[in-house]
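Nothing in this text is a laboratory measurement; each read-out follows from the coordinates by a stated rule. This is a predicted model, so every value here is computed, not measured. All Cβ positions, glycine included, derive from the backbone under ideal geometry; neighbour counts span all protein chains shown.
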Amino acid sequence: MELAQGTQGKRYLMYISQNYSYAILRPLQQQIRTHGGEVKWFLEGSEVNPDFLAADEHRLHSIDEIKAWNPHATFAPANILPTFFPGKKVAVFHGFDAGKLNSRGKNDHFTIRGCFDLYCTQGPNTTGPFAQQAKEMGFFRVRETGWTMLDPLFSDIANNPYKSEADTRPTLLICSTFSKRLSLAPQLIEQVKQLRDSGKYRILVQFHPKMATEIVDQYKAMQDDTLTFIETDNVIPLLQAADVMLCDTSSILLMFLLLRRPVVTFNNQAPGPHILNVTEASEVEAAIDHALTQPVALMQEIEAFCQQLHPYQDGLSSQRVLAATNDLIESDGKELKRKPLNIIRQFKMRKKLGYWRF
């Protein structure tokens, strides 16, 4: 049976507030269009760049336009979404659970904020916690689909701009989250210079878009024929180009592991046998060199971890998300309880969006 059956004639809204969300939702957009559905985009806030919209991607500029268009469903790679939007609200996640803890020592990845009708989870280790909460709360569905952003990960990209046939050195990709408390970027500036100056690696650097400007500028100043700083709305070609990653607690490391390639982390908050974690700057280079040998025990741990994180390598996660969404639309989620009002949160959303009509 066609996974995306029932898409014909339906309207789907893509709700984004960060540039990286384009790459999360475009594989889903492709499936919707292929199966006869219509897609439009709503860009919330100042941190998403409208210039990244393609010529054939259509934007709605206001809540009134959204209500007039009346989407059947809205997809959001975010933690919250206005409940006053028409149609079903579907969470597709902006990353994996990387074990980050908030200031209260809690993992926000599994927090239910009463905004969504459907959570499309990435693999067994996230499906379980969400499914348990769905059973307890009763106002949303959970379906394990895999992650839309990864559909292209399992296909070779022709003419990948980050690969080099001429440079045979191993490619090191350095990524970091923006949180001062968790980020390796400010702590490893001197070590990265040493890695560059060693000449052993071809180095690509890519940071979270919220990284402090002064840190970004320091890394941009390091650029030469060995180290390149990259700003992009699509990290998949970068991941495919690298042999090893140096990271901290950013969830991007989990995407890289799914390519069955090793990751070295610096002060990772959730270290495990599937990564090589170091706690001293002086240990970084040796750990990278060890990772490049792809030790058998480490690679076995990576494989076991990936089976729990995201077992799908068929590139069909977007089709599964679309099928789960269409099923929710067709059934109207009649078994679900009414979502909590969340008056304070929705007031804040209305204030943020400048919308007060009811």
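What to note about this one:
- For TRP41, the residues whose amide H sits under 5 Å from its own are MET14, HIS58, ARG59, LEU60, ignoring neighbours fewer than 5 places away on the same chain, with H placed 1.01 Å from N.
- Label positions at HIS61 and LYS348, each projected 7 Å from the Cα along the C-beta direction, are separated by 2.9 nm.
- Distance between modelled label sites at ASN160 and PHE358, nm, 7 Å Cα→Cβ extension: 5.4
- When the chain is described by a simple charge dipole with +1 on each Lys and Arg Cβ and -1 on each Asp and Glu Cβ, the residue from LEU184, SER17, GLN122 located farthest towards its positive end is SER17.
- Listed residues LEU341, HIS310, ALA323: farthest to the positive end of the dipole of the range 296-353 (Cβ charges): LEU341
- Rg followed by Dmax, in Å, when the range 157-309 is reduced to its Cα trace: 14.4, 40
- Spatially proximal lysines relative to LYS200 (Cα-Cα < 28 Å; intrachain offsets below 8 disregarded): LYS163, LYS220
- Degrees separating the helix 21-34 axis from the principal Cα axis of the chain, which is the longest one: 50
- Between the helical axis of 124-137 and the longest alpha-carbon principal axis of the chain there is an angle of about 30 degrees.
- Proximal lysines to LYS180, defined as alpha-carbon separation beneath 18 angstrom and excluding residues fewer than eight positions away on the same chain: LYS100, LYS106, LYS210
- With N the number of residues in the range 97-205, Rg(Cα) / (2.2 N^0.38 Å) evaluates to 1.51.
- Taking the helices alone, the chain has a mean residue ellipticity at 222 nm of -9500 deg cm²/dmol, built from -39,500 (n - 2.57) per DSSP H run of at least 4 residues and averaged over all its residues.
- Gain upon complete extension [PHE110, GLU283; 0.36 nm per residue less C-alpha separation]: 59.0 nm
- DSSP-defined antiparallel bridges as percent of all bridges, the range 202-358, nearest 5: 0
- Relative contact order, percent, the range 157-309 [alpha-carbon distance under 8 Å, six or more residues apart]: 24
- Highest-fluctuation residue, ARG261, ARG33, ARG320 considered, GNM on the chain with Cα pairs under 10 Å: ARG33
- Here the contact order of the chain, divided by its residue count and restricted to Cα pairs under 8 Å and six or more residues apart, works out to 20 percent.
- Rounded to the nearest Hz, the phi-derived 3J(HN,Hα) couplings of the range 43-57 under the Karplus curve 6.51 cos²θ - 1.76 cosθ + 1.60 (θ = phi - 60°) are 9, 9, x, 9, 8, 10, 9, x, 5, 7, 5, 6, 4, 9, 9, where x marks glycine and proline.
- Counting only Cα atoms, the chain measures 61, 43, 39 Å along its principal axes, largest extent leading.
- For the range 1-88, the normalised intensity computed at q = 0.13, 0.25 Å⁻¹ comes to -0.40, -1.44 (log10 of I(q)/I(0), Debye sum over alpha carbons, equal scatterers, no solvent).
- Near THR265, the amide H atoms lying under 5 Å from its own belong to CYS247, LEU276, ASN277, VAL278; only residues 5 or more places off or on other chains count, and H is placed 1.01 Å from N.
- The charge dipole of the range 157-309, taken about the Cα centre with unit charges on the Cβ atoms of Lys, Arg (+1) and Asp, Glu (-1), comes to about 240 debye, rounded to the nearest 20.
- Simple point charges give the picture: +1 on the Cβ of Lys and Arg, -1 on the Cβ of Asp and Glu, and for the chain a dipole about the Cα centre of about 1820 debye.
- Loop-located chymotrypsin sites (Phe, Trp or Tyr not before Pro) in the range 131-198, at most 11 other Cβ atoms within 10 Å (DSSP): none
- Each peptide in 300-311, 10-21, 60-71 receives the mean, over its residues, of other Cβ atoms within 10 Å, and ordering these scores from highest gives 10-21, 300-311, 60-71.
- Across VAL263, VAL90, VAL278, mean-square fluctuation computed from a Gaussian network of the chain (C-alpha pairs under 10 Å connected) peaks at VAL278.
- Set the Cα radius of gyration of the range 208-249 against 2.2 N^0.38 Å, with N its number of residues, and you get 1.25.
- Each Lys or Arg adds one and each Asp or Glu takes one away; over the other residues whose Cβ falls under 15 Å from the Cβ of GLN194, this sums to -4.
- Taking label positions 7 Å along the Cα-Cβ direction at both PHE84 and ALA54, the computed distance is 3.4 nm, reported to one decimal.
- Helix 189-198 axis, angle to the chain major axis (alpha carbon atoms, nearest 10°): 60
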